[in-house]
Each structure stands twice: as C-alpha cells, then as structure tokens.
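To start, the structure itself, in structure tokens.
The values are calculated or read from the model by the stated rules, or taken from the named source; none is laboratory data. Because the structure is predicted, anything quoted here is derived from the model rather than measured. Here the Cβ positions follow ideal geometry from the backbone for every residue, glycine too, while neighbour counts run over all protein chains shown.
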Amino acid sequence: MISIYNGSNWSDSEFAGSLNTGGSAQVRSVSCLSATFCAIGGFYSDGSGSFQAFVSTFNGNGWTTQEVAQSLNEFGSAGVDSVSCVTTTFCIAGGHYSTATPASFASAYNGSSWTDYVTHPPVHFLDSNISCASTSFCVAAGGGVFNGSTWSAFQPAASLDANAQASTVICRTSSFCVAGGGYWASPSHQRAFVSFFYGASWYPSEVAATLDTGGGSYVNSLSCQTKNFCVAGGSVWGPSGDSQAFVSVYNGTSWSDQAIAHSLNTGGAASVSSVSCTSAHFCAAGGTFKNQSGYHAFVSLYNGTTWTDYETASALNTGGWAVVNSVYCASATFCVEVGQYAISANGGTQAFVSVYNGTLHTVTTPAKTTITCVKGKVTKKVTAVNPTCPAGFKKVSVQSKRTITCVKGKTTKKVTAVNPVCPAGYKKK
C-alpha cells in the first residue's frame, strides 16, 4: 500500500492486488519526480507461496503495475529493494531473486515498460539503495556502478577495509556521490564511515569516532545538499551492547559527531534510520529509542547549530514498539515522517504518517482495507492497513468497479459495477 498527500489529506492505494493471491505484499522503495510521476517497487506472494518482484508507475491519475524478474526467479524468492528515477522515461529498479544461490537483478524503465537483466558482477541491493544522477550513471550502495549499459564493481572505502559495506548512497551528479556504512577496524569492531566520490576515486573518512567507545558504529542514512554540507545518521554501540543514535555533520572540511535522543534513550537502545536536510540550517532525523516502557519513535530537528528531540506517535504506540523508518523534508516548514508502531504488546503493527508544518507534528494512520481469504469452503475477511491472509488461505482477487453514464431520452442513470451495463432501453453515454 502507498499513500499520496495532496497538501491536506492522504489517499491510500493498494498495489499488486490482482497479483497478490498469496495475501502478502510490501512496497520497499519509492521514487517521485513530480506530482504526476512516481515509481515504486516491492514484492508479493503468489498462489503457490512464492515471492515475486513487482514495480508500479504513477502518472498522476493511476498506477500501472508489472511483475519483474519472473523468468529469473527460479526458486520463488524475489523482490525489488530500491528504485531511482531520473526522468519519466528512465528508472532503474534493483532487487534480488533466487536460483541455486541468491542473485541480483536490475530492471530498466523506458517510459512504457521494464526490461530485466542480471547484474554482473553481482550487486547487493538488499538492505541498500540505488541512486541515479543520469541515464548513464547510477550507483548502488551494494557495490555496483551503472554506465547506461553495464555494471562494474566499486568499493567506497577500500583504503579503510576491502570488505567495507555501504548501506546508503546519494549521487547528485556523475562527479559527486556520497556513500555511508561500516568497515571492519578489527574482526570484532565495525566502525562507521562516509566516503566522497568526485568523479574518479572514493575518499572515505571515519565518522562517529568521538562517540565510539569500542563496541562499534554504522551509518544508516545520508543527506547531502552540497559538497560542503552533509549529514550522516546511524547507531553507535558500546562493548556491553547499549546503543545510541548519532548524527555527524560535515562542514566542507571536517565531521562533527553528536548523540541525539540521548535524554530519551534511558533504555540504552537507539538508532537513526533516516536523515533529510533542506539546507545547512535545517535537517530532520528520525529513528527509535528505548525507555522503561519499550521502544518509541523520535524525530530530531537541526537549526544549523543544535538538535532538538521529539517523541512522535506516542499516543498510538500502545504496544511499546515504534520507529520512524523514513523522513523527507521539502522545506523547513514541511516534513513527512513515516513509520510503524505496535497495536498491542501481543503483536500486530500498523503504519503511521507524521507531517511537520514548522511548528507541530500531526500524526495520522493510513486507512484500513479488507480482503477476502479462502481455504477450501472456508471464507475469512481480514481488515488491516496491510491485510494478509492466514496460513493456508489464499486471497480472492477483487476487480475494481467503474461507473458509466446511461441515457434514455432526457433520463440519465449512473451504473457502477465491475462490468457495468446500461438497463434495457438505455444507451451508454
């Protein structure tokens, strides 16, 4: 499911409904160029219990969905993990599929259809992203660079560690990218890094070093407006396993590390999931922290000097678990934060959206939908934000209804149905 915000309200849409006969689907990534063009990717389960990859494009009025990597997915476990669009006629979706061993694929969009191909060398899209600066330059954090026709391997922190892992990358142009993740300073100590690309080579630097007491650290998210201003966010943990959320701010010369949500995190388990900046004077970072009642979602706002922490979705979080998964800010007076919270301590989660207007965070939840599941002669209806069928049940596909206008002389009637037909004596207008 995905929700679209028009400035005042959210509208929810279900995806891959006709494909998702197994009753389990998820959107993993979204890339929007304007109010009239977006692309998303994810996975769904079919009637055989296998997971398949899909993509869908939005034209301002509706969505067009297509399965991808179908011919590659020999063992029934595929999904799109990241999507990046440059124009309405060029997007790249990266994902994974299963053969005898796990493998990766990319699918290219030309404005009307998607074409799949295997990435050589393998690129690890799972739990990482892809960023395209042009139709001939894309970088996947999982270790690949695309030149418009082929992929080549890259290592963003080779001077620190040949086995360094990047989880996030941003490319503004083909001569400026930033990647972040973790490298192994020793077999038992992983440290956070950020690496800059200026057109020929990658230049890595350690971040969060002033906070790392010997346990480890990792960068989960980056936001870079210019070559002279970047913010990295992630988690740093001590030898005993306690963790705290951190941000590192780059001023064009050096990095400045700071723990955030520190006063909230009395339970010793916090992390930044996402960072978004609009300028050197405004950023938002979101994630999770722990206190005596469980895990909670937070957002921290930066004014160019200091970070101020706020708990969000607290009224919804009755189950003691919540997290902000992603933050996007268009300006200092408009940010959107999305995440999840536990409905109860016994399980079950729900999505939430929080909109920041420069003063307040307004939290909403997407609308619930109902699906019908069958197992032999037994029928069950399941209502949730992202409803899935119980084990052994299959989802019944429901076709969308449409409305037609019928006329008979001066009389007009509207007929709504899956396959609407005008009454006897009436003609379709």
- request: Please find, within region 229-241, the residue that is nearest to the chain's Cα centre (by Cα) out of those that are farther than 14 Å from residue 260 by Cβ and modelled with pLDDT of 95 or more.
  value: 230
- request: Only strands (runs of 3 or more DSSP E) wholly contained in region 1-65 count here; list those with 1 or more residues that are at pLDDT 80 or above.
  value: 25-34, 37-45, 51-58
message: If I filter region 143-155 down to residues being in a loop (DSSP other than H, G, I, E, B) and without any contact (Cβ under 8 Å) to a residue 40 or more places away in the chain, which single residue comes out as surrounded by the fewest Cβ atoms within 10 Å (Cβ to Cβ)?
response: 149
task: Can you give me the ranges of the strands (runs of 3 or more DSSP E) entirely in region 251-350 with at least 1 residues that are within 23 Å of residue 129 (Cβ to Cβ) and touching a Gly at 6+ places or on another chain (Cβ under 6 Å)?
output: 271-279, 282-291, 294-302, 322-331, 334-342
field: Meets criteria (touching a Phe, Trp or Tyr at 6+ places or on another chain (Cβ under 7 Å), small (Gly, Ala, Ser) and farther than 19 Å from residue 197 by Cα) for residue 113
entry: no
- line: Filtering region 291-304 down to residues that are of a type in the set (Ser, Thr, Tyr) and modelled with pLDDT of 95 or more yields 295, 300, 302
